[in-house]
1. How far, in degrees from 0 to 90, does helix 83-92 lean away from the longest principal axis of the Cα atoms of the chain, to the nearest 10?
2. Sort the following peptides by mean Cβ neighbour count (other Cβ atoms within 10 Å, averaged over residues), highest first: 198-209, 168-179, 122-133.
3. With axes computed from alpha carbons, what is the tilt in degrees of helix 33-45 against the longest principal axis of the chain, rounded to the nearest 10 within 0 to 90?
4. Could you calculate the contour length gain from residue 135 to residue 111, that is, 0.36 nm times the residue separation minus the distance between their Cα atoms, to one decimal place in nm?
5. Take every Cα-Cα distance within the range 1-130, group them into 5 Å bins from 0 onward, and report for each bin the whole-number percent of pairs it holds.
6. Just to be sure I understand the model, the point goes 7 Å from the Cα along the line to the Cβ. What's the resulting residue 58 to residue 92 distance in nm?
7. So in the range 133-244, what percent of DSSP beta bridges are antiparallel if you round to the nearest 5?
8. Packing-wise, with mean Cβ within 10 Å as the measure, how do 94-102, 113-121 rank, highest first?
């Protein structure tokens, strides 16, 4: 194909965008159901997710679930409906599309899912929290950046606008004809507001970001073109109209 065409950047959220389920929440519910039920409210409202998440991996190890078992669970999770069609389209236009994941999830979980689904070479850049195994082979997570207080829309461990600003310091935003953002969650609202009139936003229908835009009447905060989605084919149908 002609590799001199226009250049586009696709920014993906990860959980409930690339994967159909929230990877870690579903793992907690699957491996430690009693702990999940006892702490369900805190899971969705607490602000120190990093400390809480590290505790959860310790709890899973105490229950007898080592990393190989947890890894297999992550590898078996489904992608969002027809998402493989979107990645097939990206691969076909790889000279014109760069892809980046921007997520509050951690590096090891993200790379586990991508590698299993043969997406690690399609998605070139990964912005996520750091992780490594301790001496007991328990996954330990650390913040990508120090905690910050300036943003009311994001989780306390990752502001996607700040993360993408850092990305654009190395990969100039003006080198892309459009920025295309595909997301689902309330923490995707911040970066959505930073898209410009030439960009495209894909909020997953009936998920938190969509509800903020349409049920909370904040669609007017978005300058970008908006296309709600329920499956990857709907996203591809919009992208096919772009000039390659």
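Read-outs: derived from the displayed coordinates by stated rules, not from any lab. From a predicted model like this one, the values you see are computed outputs, not experimental measurements. All Cβ positions, glycine included, derive from the backbone under ideal geometry; neighbour counts span all protein chains shown.
1. Roughly 50 degrees between the two axes.
2. Going by the mean number of other Cβ atoms within 10 Å, highest first, we get 198-209, 122-133, 168-179.
3. Taking Cα atoms only, the helix is inclined about 50 degrees.
4. Roughly 6.6 nm would be gained on extension.
5. Binned Cα distances yield the sequence 2, 9, 19, 21, 18, 12, 8, 5, 3, 2, 1, 0.
6. For residue 58 paired with residue 92, the spin-label model returns 5.0 nm.
7. Antiparallel bridges make up about 20 percent of those DSSP assigns within the range 133-244.
8. Sorting 94-102, 113-121 by mean packing, highest first, produces 94-102, 113-121.
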